[in-house]
Amino acid sequence: MRKNMLVSPQNCTTEYDILAWAIKLRQPVSLVVILLCAVILFTTPPSWRGNASIGLLMDMSGLALVVLAAFGRIWSSLYISGYKEDRVVAEGPYAIVRNPLYVCSFVGAIGLGLASRHLAVLGLVVLAFLLYYPVVVLAEERNLQRKFGQDYEAYRQRVPRFCPKRFPLVEPDAYPLRPRHVRRSLQEILWFFWSYLILHLAVVLQSDSVVAAARHLGAH
């Protein structure tokens, strides 16, 4: 299987050059998905409009996933911030999966999709993530293989990409942090909570608009 094959440095460089566009377009693609979600959110009624209990359940489930994703990203950032280009990071969550930041982002994206109360938004977010980000991850892995060679190859063979097979706790007694990089990571994590609050406000405003429209029609 390809997972167990050693990729030569030359092939890593070639594949990275081919896939590098995915990394460069990561933010524009994310922005397009966000805009499409906004259009769906403000032009279509909530999928659970007629059932307040299901809507509340989706809200609470979404918030729980966002909080879980935020803590996961904080944990990951403490280990990776400032070290990604220096060495193979294999401690903390990076001993469980090779891409914990993307796993946590996916969990958070599902949470935001649930909080939107729109199945179309949830489906779009999941589909975009599953189709696009594996290409980004593959490009980043080829870059790491090119830079770190056998060290990263041994890590790649030992630790799964996304789905954990076991949960080893590799936590050193002391670990040097780079405050500037950690601060930037924490600022990025705040966007999950801002996004949740914005989505919740949009849902409330939309619900009020639907109620007002129904009252208006009822008055006539």
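The values are calculated or read from the model by the stated rules, or taken from the named source; none is laboratory data. The structure presented is a predicted model; accordingly, all values stated were derived computationally and were not measured. Counting neighbours? That spans all protein chains shown, and the Cβs are built from the backbone with ideal geometry, glycine included.
Could you please find all residues in region 153-186 being hydroxyl-bearing (Ser, Thr, Tyr), more than 23 Å from the chain's Cα centre (by Cα) and assigned to a helix (DSSP H, G or I)?
At the first step, the residues of region 153-186 found to be hydroxyl-bearing (Ser, Thr, Tyr) are 155, 175, 185.
Those still in the list that are more than 23 Å from the chain's Cα centre (by Cα) too: 175.
Within region 153-186, no residue meets the criteria.
Conditions (1) part of a loop (DSSP other than H, G, I, E, B); (2) at negative phi; (3) in contact (Cβ under 8 Å) with a residue 12 or more places away in the chain; (4) aliphatic (A, V, I, L, M), marked per residue:
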| position | (1), (2), (3), (4) |
| --- | --- |
| 94 | no, yes, yes, no |
| 107 | no, yes, yes, yes |
| 113 | no, yes, yes, no |
| 117 | yes, no, yes, no |
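Take residue 64 and tell me if it is surrounded by fewer than 14 Cβ atoms within 10 Å (Cβ to Cβ), over 17 Å from residue 182 (Cα atoms) and either among the charged types (D, E, K, R) or within 15 Å of the chain's Cα centre (by Cα) (or both). Walk me through it before giving the result.
Working: surrounded by fewer than 14 Cβ atoms within 10 Å (Cβ to Cβ): yes; over 17 Å from residue 182 (Cα atoms): yes; either among the charged types (D, E, K, R) or within 15 Å of the chain's Cα centre (by Cα) (or both): yes.
Here the answer is yes, as residue 64 does meet what is asked.
Is one or more of the residues making up region 1-11 surrounded by 11 or more Cβ atoms within 10 Å (Cβ to Cβ), hydroxyl-bearing (Ser, Thr, Tyr) and modelled with pLDDT of 80 or more?
no
Just checking, how many residues over region 104-139 are out of contact with any Lys or Arg (no Cβ under 9 Å at 6 or more places or on another chain) and under 23 Å from residue 166 (Cβ atoms)?
Residues that pass the stated criteria total 2.
Conditions first: (1) surrounded by fewer than 19 Cβ atoms within 10 Å (Cβ to Cβ); (2) at positive phi. Residue 126 passes all but one, so which condition is the exception?
Exception for residue 126: condition (2).
Which residues, taken from region 128-152, are closer than 23 Å to residue 87 by Cα, out of contact with any Phe, Trp or Tyr (no Cβ under 7 Å at 6 or more places or on another chain) and in a helix (DSSP H, G or I)? Talk me through it step by step, then tell me what you get.
Here is the first cut: in region 128-152, the residues closer than 23 Å to residue 87 by Cα are 133-152.
Filter again for out of contact with any Phe, Trp or Tyr (no Cβ under 7 Å at 6 or more places or on another chain), leaving 134-136, 138, 140-141, 147-152.
Hits for region 128-152 are 134, 135, 136, 138, 140, 141, 147, 148, 150, 151, 152.
It is to be established whether one or more residues within region 119-127 are in contact (Cβ under 8 Å) with a residue 24 or more places away in the chain and not in a helix (DSSP H, G or I).
Checked against the condition, which is being in contact (Cβ under 8 Å) with a residue 24 or more places away in the chain and not in a helix (DSSP H, G or I), region 119-127 yields no hits at all.
Evaluate region 167-185: report whether one residue or more is more than 25 Å from residue 80 (Cα to Cα), touching a residue at least 12 places away in the same chain (Cβ under 8 Å) and surrounded by 14 or more Cβ atoms within 10 Å (Cβ to Cβ). Give the derivation first.
If we filter region 167-185 for residues that are more than 25 Å from residue 80 (Cα to Cα), which is where we start, we get none.
No, every residue in region 167-185 fails to be more than 25 Å from residue 80 (Cα to Cα), touching a residue at least 12 places away in the same chain (Cβ under 8 Å) and surrounded by 14 or more Cβ atoms within 10 Å (Cβ to Cβ).
Which members of region 46-66 meet the condition of being without any contact (Cβ under 8 Å) to a residue 40 or more places away in the chain and of a type in the set (A, V, I, L, M, F, W, C)? Show your work before the answer.
Residues of region 46-66 that are without any contact (Cβ under 8 Å) to a residue 40 or more places away in the chain, as a first pass: 50-54, 56-57, 60.
Hits for region 46-66 are 52, 54, 56, 57, 60.
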